[in-house]
Amino acid sequence: MFHDIPEAMRARMAHLEKIDARDRTDGTARLERLRQVPRDVGRFVAILAAGAPPGRWIEIGTSAGYSTLWLALACRETGRRITTFEVLEAKAALARETLALTGADDVVDFVHGDVRDHLAGLGDVAFCFLDSEKPDYGELYEAVVPRLVPGGLLVADNAVGFEDEMQPMLDRALTDERVDGVIVPFLTGQLICRKR
């Protein structure tokens, strides 16, 4: 999966990494900057996705499509597709560009819109990567967990360092009898929940 990354995808990843690094150092406003996962988190999430049971894959919070590219690699490895959702127009434009330049649109369905408007039609979810606005995590968690298949995974980024915004959702997930959950304190921290 990681040994055969197409050159167009490598180039776009490097380009987005440079933009993200610049945004983090020059004081770009929070909503305007990419706020993408670090490279190793992208790889980690792709490995988790590749082990998901049968069912739909979704990503909530595409941004410019950096994590989507890692998940696209997992899709190609496993013969799956992923649907990714982004609400902000500027980031949606970047995501469309990322998918077109890399050819990842062969396994990625991009939706410019709020996932909450589409969940009812998605069916059974086997894998969900959640990386959106932190105040929405609790509502999104409650919307996705009932749709997870047994053994399905919900992975939420930024479980470390955003406790003020996310603590109610983290507390809920770690005590929710519908799932087995753990926080992996790796870089930005990931909450991993597996449907029982």
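Each reported figure results from applying straightforward, stated rules to the coordinates on display, with no laboratory input. Since the model is a prediction, treat every value here as computed from it, not as a measurement. When we count neighbours, we look across all protein chains shown, and the Cβ atoms used for this are built from the backbone with ideal geometry, even at glycine.
Regarding the chain, what are the three Cα extents along the principal axes, ordered largest first, in Å?
43, 39, 31
Please compute the net charge surrounding Glu86, taking Lys and Arg as +1 and Asp and Glu as -1 over other residues with Cβ under 10 Å from its Cβ.
So the environment of Glu86 carries a net charge of -1.
Taking every DSSP beta bridge that has both residues in the chain, what percent is antiparallel when rounded to the nearest 5?
35 percent
Figure the gain on full extension for Glu89 and Glu163 (residue separation times 0.36 nm, minus the Cα-Cα span) and round it to one decimal in nm.
Length gained between Glu89 and Glu163: 23.9 nm.
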